[in-house]
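A short write-up of the structure that comes next.
The values are calculated or read from the model by the stated rules, or taken from the named source; none is laboratory data. Just so you know, these numbers come straight off a predicted model, no measurement behind them. No Cβ is skipped: glycine too gets one built from the backbone with ideal geometry, and neighbour counts run over all protein chains shown. Accessible surface is based on the protein model in full, side chains and every heavy atom, while ligands, DNA and RNA are left aside. Shrake-Rupley method; radii C 1.70, N 1.55, O 1.52, S 1.80 Å.
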Amino acid sequence: MTYTSVFDIFKIGIGPSSSHTMGPMIAANRFAAELAEKGARNPKLRITLLGSLAYTGRGHASDKAAVWGLCGLSPESFDHLTAEGIWRDISESGRGAHPGIGPFEIDLGSGVVLDTIAKPRWHPNTLTFEAFGEDGALTLSRSYVSIGGGSVVAEEEGPDFRDDRAPGERDDVPFAFENSKQLLDICAASGISISDVMLENETSLRRNGNIAEGLDRICEEMLSCISRGASKTGVLPGGLQVRSRAQALFRALELNPSAPFNAQDRLLAYALAVNEENARGARVVTAPTNGAAGVVPAVLRYWLDEAPTDQHPLRRSFLLTAAAIGAIIKRNASVSGADLGCQAEVGSAAAMAAAGYAAVCGGTPKQVENAAEIALEHHLGLACDPVMGLVQVPCIERNGLGAIKAVAAARLALSGDGDHIVPLDACIEAMRNIGNDMHERYKETSQGGLALFVTGC
Ligand code: SF4
């Protein structure tokens, strides 16, 4: 039995991708820390990106993220201006610096390789770091796998790492669970809600930590990301010439708040605002990934708009419930588009948002599980085919549609008594099977689907 904390599901990070931007940065930090421990001085470094990271690495800024990680930059404290300055300096001098290692050499041409020929051993998001001494001899080589949502494992752990314990998982909690049946059994036996199960677990993990404060920070980050996105206009970076649309949607809502389709338009505006920020490489909350970061905030903000103020503290229950569903999907399938297609990213986000919304609307644990299942079921089979390797088309709109589906799924579940044909666990199993059967061209390689037929400008 295991448990994944809400704070491992919702992480504050940077766009455009948790697996392709944050993951490489985190892996690079790990490699640099090991190198520093070994006392390396003036090493020459090389990075090789494989699989999906190689195919879409430029569009997702994986190459830059890995180099920035070697310089000690991390997603939590990332500052774009500083980072771009570092990139410029390294381009000119071929030298960077890490706080623990000191100066190092890296050639941004031959030393940062996007290798689409070599096959990753067991996961499409694999990258290798190598360090060479002054005599040219290899002193350290490490390969890492970015499994989604900003989680990274050493490649040597192998594909069965889930059979043991995935990153962030704990078993020293009162209510550990691995699937939704176990979670529902806990709720039935103890007579408490899914969010209370999560809260009991969080309390046992953070004996001195302030859980409410941590959850409120996540909520505030989500809401301020929506506000920042709504304040910006213009063309998104990357060369596809995608115009940001969130602000226009907000203006239309302000001008005519009682227009038909107000609910859908609000969900679209909120989700687009977040995902446009993500496309700018700005700060977002990984939920459960960055490509799918707009769904949960959109549905949360939509609920906050309508709920009386005295119910707003329930936002914490929303996040705890959503995280429980995200953890179950992550453990039993994946939340990575490179692993199982977009069904695993936007589908998972919609399931999480539907569960959170159903919970704060008074749903029973069975209705909450039903809401998550409906939302995930109707994303099954969705491919990941980002045009030009950018997290823009179809990603930005897809989050808006995912948010709409999440609310619809929750409404449908709340209209029933929680009994339903397809258990969430079966739906997750189906998603895993469908994803495993998908050709790799539909799994974040930009080699198929929309990416093949829309080549951009
Ligand atoms: S298509 Fe979906 S899974 Fe792929 S990058 Fe976009 S949001 Fe992520």
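A few remarks follow.
- Selection over the stretch 181-199 of residues that are in a helix (DSSP H, G or I), closer than 12 Å to residue 317 by Cα and of a type outside the set (A, V, I, L, M) gives a count of 2.
- The residues in the stretch 375-386 that are surrounded by fewer than 24 Cβ atoms within 10 Å (Cβ to Cβ) and near the ligand (Cβ under 9 Å from one of its atoms) can be counted, and the count is 1.
- Hey, residue 402 away from the ligand (no atom under 14 Å from the Cβ), open to solvent by less than 20 Å² (accessible area, probe 1.4 Å) and modelled with pLDDT of 95 or more or not: no
- From the options 413, 353, 451, residue that is more than 20 Å from the chain's Cα centre (by Cα), closer than 22 Å to residue 305 by Cα, buried (at least 24 other Cβ atoms within 10 Å of the Cβ) and among the small types (Gly, Ala, Ser): 413
- Assessment of the stretch 31-38 against the conditions (surrounded by 24 or more Cβ atoms within 10 Å (Cβ to Cβ) and over 25 Å from residue 344 (Cβ atoms)) yields at least one matching residue.
- Matching entry among 200, 213 (being surrounded by fewer than 18 Cβ atoms within 10 Å (Cβ to Cβ), in the same structural domain as residue 444 (by TED's automatic domain parsing), over 25 Å from residue 78 (Cα atoms) and among the acidic types (Asp, Glu)): 200
- Condition check for residue 82: open to solvent by 40 Å² or more (accessible area, probe 1.4 Å), on the phi < 0 side of the Ramachandran plot, within 24 Å of the chain's Cα centre (by Cα) and among the β-branched types (Val, Ile, Thr): yes
- Cβ-Cβ under 7 Å pairs, at least 6 apart or on other chains, the stretch 25-42 side in the same structural domain as residue 151 (by TED's automatic domain parsing) and more than 19 Å from residue 83 (Cα to Cα), far side β-branched (Val, Ile, Thr) and outside any helix (DSSP H, G or I): 35/101; 36/101; 40/101; 40/139
- Among the residues making up the stretch 242-290, those that are within 13 Å of the ligand (Cβ to nearest atom) and of a type in the set (S, T, N, Q) are 275, 278, 286, 289, 290.
- Residue match in the stretch 430-446 (condition: more than 14 Å from the ligand (Cβ to nearest atom), at pLDDT 95 or above, within 16 Å of residue 328 (Cβ to Cβ) and hydrophobic (A, V, I, L, M, F, W, C)): yes
- Test: residue in the stretch 122-131 that is at pLDDT below 95 and surrounded by fewer than 23 Cβ atoms within 10 Å (Cβ to Cβ): yes
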